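The values are calculated or read from the model by the stated rules, or taken from the named source; none is laboratory data. Just so you know, these numbers come straight off a predicted model, no measurement behind them. Positions of Cβ are backbone-derived with ideal geometry, glycine not excepted, and every protein chain shown enters the neighbour counts. For accessibility, only protein heavy atoms count, side chains too; no ligands or nucleic acids. Shrake-Rupley method; radii C 1.70, N 1.55, O 1.52, S 1.80 Å.
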Amino acid sequence: MTISTTPVPASDSATRFPLRALTTLGLGVFVTVTAESLPAGLMPEMSADLGVSPVQTGLLISVWAATVILTSIPLARATVRFDRRLVVAGSLAAFALANVATALAPTYEVVVGTRVAAAVAHGVFWSVVIVYATALLSPSHLGRGLAVVTAGGTAATVVGLPLAALLAQAWGWRPTFVILASIALAVAAAVVRDMPSHFTPRPASTDRDRGFWRDPSLPALAAFGLAAILIAIAQFASFTYIRPYLEISASIEAEWAAALLFVYGAAGIVGVAVAGFLADRFPRASLTGILVLFAAVFAVLTVAASSAAVVVGALVAWGFALGAMFPLLQTTLMRVSTERTRTLASAGIVVLFNIGIAVGPWVGGLTGGDTTPTATTAVSASAMVVATAIGVAGLVLAGRRMQGDRRAG
């Protein structure tokens with residue numbers, strides 16, 4: 001029996017590169033990812049206005065991550081038979097309303113509730129946006145197309161969060177949430193007005209007979225999922241403590257930190273752009289190479305912290321690797337999964353990354369990220385070595401399916 005692994009086009013747009021539609025989805029990604037970390041950028045203003053400590057404001061990010069972990073997969077399964085276009089638009093509209101409610105919240109406790117609502121909408125959006133984008137693309141355009149969509153996440157870190165902080169300083173934190181809500185609502189309207197419908201095809205009767213847990217894509221997807229947790233733990237264990245690393249381990253003066261983080265983010269945008277090219281031409285080699293680069297970056301940061309030039313170069317490589325990683329991994333998941341497992345793969349990777357986001361800072365703190373940061377980068381390097389081995393195993397398991405997908409393109 002042959003199971004198709006190629007994306008199912010929603011319309012004739014799959015025969016050409018639907019840049020406008022993908023850019024619209026990328027803007028939705030930009031808004032939701034910006035909102036995810038917004039309390040970090042608005043911490044002084046939110047803490048003062050709500051009468052809570054900075055730690056309590058920071059916990060709003062943890063509440064968001066926990067909500068995404070708990071709700072994304074069940075809601076993805078609950079909405080799997082609905083029009084993907086309407087799910088994307090509806091989740092963005094709900095996200096907008098929740099952010100307006102946050103802006104109007106009179107107390108910290110109400111803000112917690114509205115953040116939970118926004119996180120639920122965020123989880124639904126992320127569980128379907130990659131699947132929907134995949135349906136708009138031909139297999140030969142998949143890497144480039146998903147890079148456009150996921151670039152919104154990198155732009156949120158490089159542009160969205162700093163800009164939101166400036167707006168909060170000028171106008172207050174509440175208008176910042178309203179502005180984000182307005183953008184999300186505009187994107188939702190554009191999705192409904194301009195983009196095609198798409199329904200997930202039902203599995204053939206022969207596929208239903210063999211059972212979900214016998215789906216041939218599951219072993220590879222499980223390997224990539226385990227690698228994703230380790231990647232996120234490695235990333236957030238070290239990046240959470242990047243300022244102590246620069247000041248304590250690298251002896252770089254504090255006033256240079258903002259410039260270096262900007263360079264790091266800019267390298268991430270370059271990584272996203274390059275990933276689109278690589279994913280369509282060298283899907284397995286490029287993902288393997290980025291995994292190896294990620295591990296090498298943490299190793300270099302561990303053993304060469306005394307060289308400022310080497311540290312700056314490693315930060316550039318780190319940003320590039322992070323920018324390239326997510327589109328390469330998402331493209332691989334969409335190529336490997338079947339119609340039956342595609343929604344699970346999309347929602348699952350969001351959940352697993354959020355688990356890593358939740359665990360990573362704890363691991364960083366446990367290993368002395370604020371006092372001996374090179375110990376933490378060493379742990380990140382070790383985690384990435386294991387992630388690389390598991391990721392390569394996943395690519396071996398997925399090899400025939402990815403080759404078939406490329407021939408179909």
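Does A275 qualify as being in contact (Cβ under 8 Å) with a residue 24 or more places away in the chain, surrounded by 20 or more Cβ atoms within 10 Å (Cβ to Cβ) and of a type outside the set (D, E)?
So A275 passes the test.
Sort out which residues of segment 250-280 are of a type in the set (A, V, I, L, M) and over 30 Å from T372 (Cβ atoms), and write them in order of number. Give the derivation first.
Step one: filter segment 250-280 for residues of a type in the set (A, V, I, L, M), giving 250, 252, 254, 257-261, 263, 266-267, 269-270, 272-275, 278-279.
Within segment 250-280, I269, V270, V272, A273, V274, A275, L278, A279 meet the criteria.
Considering only residues that are in a helix (DSSP H, G or I) and of a type in the set (F, W, Y), look in segment 280-336 and name the one that is farthest from G145 (Cα to Cα).
First, the residues of segment 280-336 that are in a helix (DSSP H, G or I): 280-281, 283-303, 308-336.
Subset that is of a type in the set (F, W, Y): 294, 298, 318, 320, 326.
Numbers: F294: 23, F298: 29, W318: 23, F320: 18, F326: 13 Å.
By that ranking, first place goes to F298.
Filtered by the rule that a residue be surrounded by 21 or more Cβ atoms within 10 Å (Cβ to Cβ) and modelled with pLDDT under 90, segment 382-399 gives a lone residue, A398.
For T134, state whether it is among the hydroxyl-bearing types (S, T, Y) and open to solvent by less than 20 Å² (accessible area, probe 1.4 Å).
Values: among the hydroxyl-bearing types (S, T, Y): yes; open to solvent by less than 20 Å² (accessible area, probe 1.4 Å): yes.
Spelling it out, T134 is indeed among the hydroxyl-bearing types (S, T, Y) and open to solvent by less than 20 Å² (accessible area, probe 1.4 Å).
Is it the case that segment 142-152 has a residue that's of a type in the set (D, E, K, R) and either modelled with pLDDT under 90 or touching a helix residue (DSSP H, G or I) at 6+ places or on another chain (Cβ under 9 Å) (or both)? Within segment 142-152, one or more residues are of a type in the set (D, E, K, R) and either modelled with pLDDT under 90 or touching a helix residue (DSSP H, G or I) at 6+ places or on another chain (Cβ under 9 Å) (or both).
Taking segment 331-343, which residues are out of contact with any Pro (no Cβ under 8 Å at 6 or more places or on another chain) and surrounded by fewer than 24 Cβ atoms within 10 Å (Cβ to Cβ)? It would help to see each step written out before you state the result.
So the first thing to find is which residues in segment 331-343 are out of contact with any Pro (no Cβ under 8 Å at 6 or more places or on another chain), and the list is 333, 336-337, 341-343.
Matches in segment 331-343: T341, T343.
For first residues located in segment 50-75 and farther than 20 Å from T34 by Cβ, partners that are at pLDDT below 85 and hydrophobic (A, V, I, L, M, F, W, C) and lie 6+ apart or on another chain with Cβ distances below 6 Å form the pairs I73/A347.
Table: residues versus (1) in contact (Cβ under 8 Å) with a residue 12 or more places away in the chain; (2) at positive phi; (3) surrounded by fewer than 21 Cβ atoms within 10 Å (Cβ to Cβ).
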position: Y108; (1), (2), (3): yes, no, yes
position: V112; (1), (2), (3): yes, no, yes
position: A156; (1), (2), (3): yes, no, no
position: W171; (1), (2), (3): no, no, yes
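For segment 73-84, check the following and say yes or no: at least one residue is surrounded by 21 or more Cβ atoms within 10 Å (Cβ to Cβ) and closer than 13 Å to A184 by Cα. For segment 73-84, residues surrounded by 21 or more Cβ atoms within 10 Å (Cβ to Cβ) and closer than 13 Å to A184 by Cα: absent. Of the residues making up segment 360-381, one or more are of a type outside the set (F, W, Y), at pLDDT 85 or above and under 16 Å from the mean Cα position of the chain (by Cα).
Every condition in (1) surrounded by fewer than 24 Cβ atoms within 10 Å (Cβ to Cβ); (2) under 21 Å from G394 (Cβ atoms); (3) of a type outside the set (S, T, Y) is met by L328 except one, and the failing one is (1).
The rows are residues; the columns are (1) touching a residue at least 40 places away in the same chain (Cβ under 8 Å); (2) in contact with a Leu (Cβ under 7 Å, 6 or more places away or on another chain).
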| residue | (1), (2) |
| --- | --- |
| S307 | no, no |
| A314 | no, yes |
| W318 | yes, no |
| L352 | yes, no |
